[in-house]
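Okay, structure first, notes after.
The values are calculated or read from the model by the stated rules, or taken from the named source; none is laboratory data. In this text the structure is predicted, and so the values were computed from the model without any measurement. So basically every Cβ, Gly included, is an ideal-geometry build from the backbone, and we count neighbours across all protein chains shown. Protein only, heavy atoms only, side chains kept; ligands, DNA and RNA dropped before computing areas. Shrake-Rupley method; radii C 1.70, N 1.55, O 1.52, S 1.80 Å.
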Amino acid sequence: RDSSVTGVQTCALPIFFLSILFSEAKPGDVKQAVPDRLNAWIPSNMVISGYLGDKINLCITQRIKEQDVEHLIEPFRSRNETRMWQTEFWGKWILSAIASYEYNRDPEMLTIIKNAVSGLLATQTPDGYIGNYSKEAQLQHWDIWGRKYTMLGLLSYYDISADNKALVAARKLADHLLTQVGPGKVDIVKTGNYRGMPSSSILEPMVLLYKHTGENRYLDFAKYIANQWETPDGPQLISKALDGLNVADRFPFPKVWWGWENGQKAYEMMSCYEGLLELYRITGEPSYLKSAEMAVQNIIDTEINVAGSGTAFECFFHGGQRQTEPTYHTMETCVTFTWIKLCNNLLRLTANTMYADQIEKTVYNALLASMKYDGSQIAKYSPLEGQRQQGEEQCGMHINCCNANGPRAFTLLPKMAFMSAPNEIFVNLYSQSTASIQLSSKNKITIQQKTTYPVGDQVDLVVQLEKPEKFTLSLRIPAWSGQSTVSLNGSAAEGVQSGSYFKINREWKKDDKVTLTLDMSGRLMKLNGYQAIMRGPVLLARDSRFEDGFVDETAVIQNKDNRVVLTSEEKKPNHVWMSFTAPLVLGTDLEGEGKNARQIHFCDFASAGDTWTYESRYRVWIKQTLNVMNAAYKPY
């Protein structure tokens, strides 16, 4: 913890007060039944640079740091709300602010955070409530959901500050809820909307509060939540996942979309699984992990699209199969972030590279596409065709859920890029970067990534350390890379396999260099009579700024064995990161010049439409022109 946050010299003062205040188990007595297999590095020991690092910094300076925090606190003072979600904004924003401070240690950001916490704590009522709902309306709609984000924000602040006032406030807030909800009181799955999923996602901070305090009533309440899920009125998140039901088919189609009976709400469902994984860490109950893994696998199989996100009107809808259809309100950024966070959670628990592959695809496509080129806005939706635009203001405030939540995804990346296990370093995210760790107490190890990836196909990892040390360096080999090579100090290594970690165990010396080369050839994706192109982890799209034809025109993308020859283009429109041409036979005319393939421009999906105006209409999925003479062609 950073003692500069509160000015205390050590952590002894808060711990002393906690030992007096808590009558049950001490915080030190709390043991995880299941430790993480991978542990994140201290974010401030890392600098992500290059294109991705620039986007992280832009989000911090232009989105997080520019937020009017007083505007976020004001709703907590009125306490006359009956149905809206204003109180989530403070919690989402401060979680991103704290994560950005953990990364860059900006003292100005720390001052902003401290003032934000002080301002919020001043709104807590004597009974412990922090929120904006009237007494008569409490527990309805988004009230408990907002309390969840407040608790998460306060606990996160306590983690960086050891400021006991934040922990006490979180306890009082939780204790107030326990007087309202639980056995013999109101049933949590009957509160709010979407079969109680928004309300019961408070499971996550309840488990974290137990870990901070050792007070069994918080653990008991967490177990109560998981049990209530499996009642007839509950969302049955465990049993329906274990039964293999699609996330879009767990309940009948709702008569009221934005109401209690809708069990398809994606963001809130995934938030519940986040809490379940925290409970698994404490209890070791195998069904908790298994249900989360099966739910995530089902989301990958049926919902996640080529840009690494999904949903329509914020709900699961068999989006993987239907992604070629023009769809209203698809790829909500809150869904994009929560998907990254859930995959990161499972990556830590399982060390399965599949989750890191999913994060990479989402980050380099859906996430980067959600932020305007100047960092001022995070889009609510980022469809696979059309034009980008900012979302509407919500709840009578100058913000919306995704502007508050999207920055959390950018500031999460330093915590997942590198991870460690005993005597082992894992590289999960490839980007120009420098990161340091001490595997042993007396030797600092620094890993430098020198690369233009994913523009280029090569990543050089240079090891710097104070003295030779034996450890394992584990490199993620993406599943999409059909041909990957690794060399150590110029000598080729054997046994490199896609979809796994390639492990190099040796005594490392200063300036040892590992070179990873990945297969960045164009890959043709086919679905429902449409075609799309991916290059490495990056999805490509046509954009009208290239002025080389009608972006919605049918075409046949020339390929051999689903491989597309891409030619890099240096000249490109403003705000475009990558540009390539690919051979396409356009339209339905095969007479004259129509039969010849033309080199048509594509850019990375994140850059497509990035003027946020009609001037840059874009498209990912290109309708394949039907050739009835080709007996092998089956569009559906």
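Students sometimes get this wrong: rank 313, 546, 605 by accessible area, probe 1.4 Å, all chains present, largest first.
Ranking 313, 546, 605 by accessible area, largest first, yields 313, 546, 605.
On the accessible surface of segment 262-387, probed at 1.4 Å, how many percent belong to carbon and sulfur atoms?
About 49 percent, which is the carbon plus sulfur part of the accessible surface.
Whole number in Å², please: accessible area per residue of segment 515-627, 1.4 Å probe, ligands, DNA and RNA not counted.
Spelled out: the 1.4 Å probe surface of segment 515-627, per residue, equals 44 Å².
Could you tell me what fraction of 2.2 N^0.38 Å the Cα radius of gyration of the chain comes to, as a two-decimal ratio?
Cα Rg divided by the expected 2.2 N^0.38 Å: 0.98.
Per DSSP helix of 4 or more residues, -39500 (n - 2.57); summed, then divided by the residues of the chain. What does that give at 222 nm, rounded to the nearest 500?
-10500 deg cm²/dmol
With a 1.4 Å probe and every protein chain left in place, tell me how much accessible area residue 521 has, in Å² to the nearest 10.
Rounded to the nearest 10, that gives 40 Å².
Enter the mean projected area of the convex hull around the alpha-carbon atoms of segment 362-488, in nm², rounded to one decimal.
Averaged projected area of segment 362-488's Cα convex hull equals 11.1 nm².
Could the peptides 274-285, 330-341 be put in order, highest first, of the mean number of other beta-carbon atoms found within 10 Å of their residues?
Listed from highest to lowest mean packing, they are 330-341, 274-285.
Roughly how compact is segment 87-156, stated as its Cα Rg over 2.2 N^0.38 Å to two decimals?
Rg over 2.2 N^0.38 Å, computed on Cα atoms: 1.19.
Just to be sure I follow: if Rg is taken over the C-alpha atoms of segment 512-567 and Rh is the Kirkwood radius over the same atoms, what is Rg/Rh?
Taking Rh as the inverse mean 1/r over Cα pairs, Rg/Rh reads 1.09.
Counting Lys and Arg as +1 and Asp and Glu as -1, what is the net charge of the other residues whose Cβ lies under 10 Å from the Cβ of residue 524?
Residues near residue 524 contribute +3 overall.
I need to check one value: relative contact order of the chain, counting alpha carbon pairs closer than 8 Å and at least 6 residues apart, in percent.
12 percent
Which loop-located trypsin sites (Lys or Arg not before Pro) does segment 173-216 contain, where loop means any DSSP state but H, G, I, E or B and the Cβ has at most 15 other Cβ atoms within 10 Å?
185
Could you size up the charge dipole of segment 65-159 around its Cα centre, putting +1 on the beta carbon of Lys and Arg and -1 on that of Asp and Glu, and report it in debye to the nearest 20?
Here the size comes out at about 200 debye.
Sorted by packing (mean other beta-carbon atoms within 10 Å per residue), highest first, where do 121-127, 452-458 land?
452-458, 121-127
Per residue, how much accessible surface does segment 262-375 expose to a 1.4 Å probe? Answer in Å², no decimals.
On a per-residue basis, segment 262-375 sits at 23 Å².
Where does each of 227-237, 485-495, 427-437 land if you order them by average Cβ count within 10 Å, highest first?
Top to bottom by mean Cβ count within 10 Å: 427-437, 227-237, 485-495.
Amide H of residue 522 versus every other amide H placed in the peptide plane: which residues, excluding those fewer than 5 positions away on the same chain, fall under 5 Å?
Counting only residues 5 or more places away or on other chains, the set is 564, 566.
Per residue, how much accessible surface does segment 50-206 expose to a 1.4 Å probe? Answer in Å², no decimals.
Computed with neighbouring chains in place, this is 32 Å² per residue.
Take the solvent-accessible surface of the protein heavy atoms, probe 1.4 Å, and return the percent of it on segment 52-129 that carbon and sulfur atoms account for.
Ligands and nucleic acids excluded, carbon and sulfur reach 46 percent.
Residues with beta-carbon under 12 Å from that of residue 330, excluding residue 330: net charge, scoring Lys, Arg +1 and Asp, Glu -1?
-3
Just read off the accessible area of residue 202 with the full protein assembly in place, 1.4 Å probe, to the nearest 10 Å².
Probe radius 1.4 Å; accessible area of residue 202 about 0 Å².
Using θ = phi - 60° and the Karplus form 6.51 cos²θ - 1.76 cosθ + 1.60, what ³J(HN,Hα) does each residue of segment 340-352 get, whole Hz, x for Gly and Pro?
Using θ = phi - 60°, the values come out as 4, 5, 5, 4, 5, 4, 6, 4, 4, 6, 10, 6, 8 Hz.
So who's got an amide H within less than 5 Å of the one on residue 262, skipping anything under 5 residues away but keeping other chains? H placed 1.01 Å off N, in plane.
HN-HN under 5 Å from residue 262: 194, 195.
Relative to the longest principal Cα axis of the chain, at what angle does helix 216-229 sit, 0 to 90 degrees, rounded to 10?
50 degrees
Any chance you could give the angle, 0 to 90 degrees and rounded to 10, that helix 143-161 forms with the longest Cα principal axis of the chain?
For helix 143-161, the angle is close to 90 degrees.
Please report the carbon-and-sulfur percent of the accessible area for segment 456-605; probe 1.4 Å, protein heavy atoms only, DNA, RNA and ligands left out.
Roughly 46 percent of what the probe reaches on segment 456-605 is carbon or sulfur.
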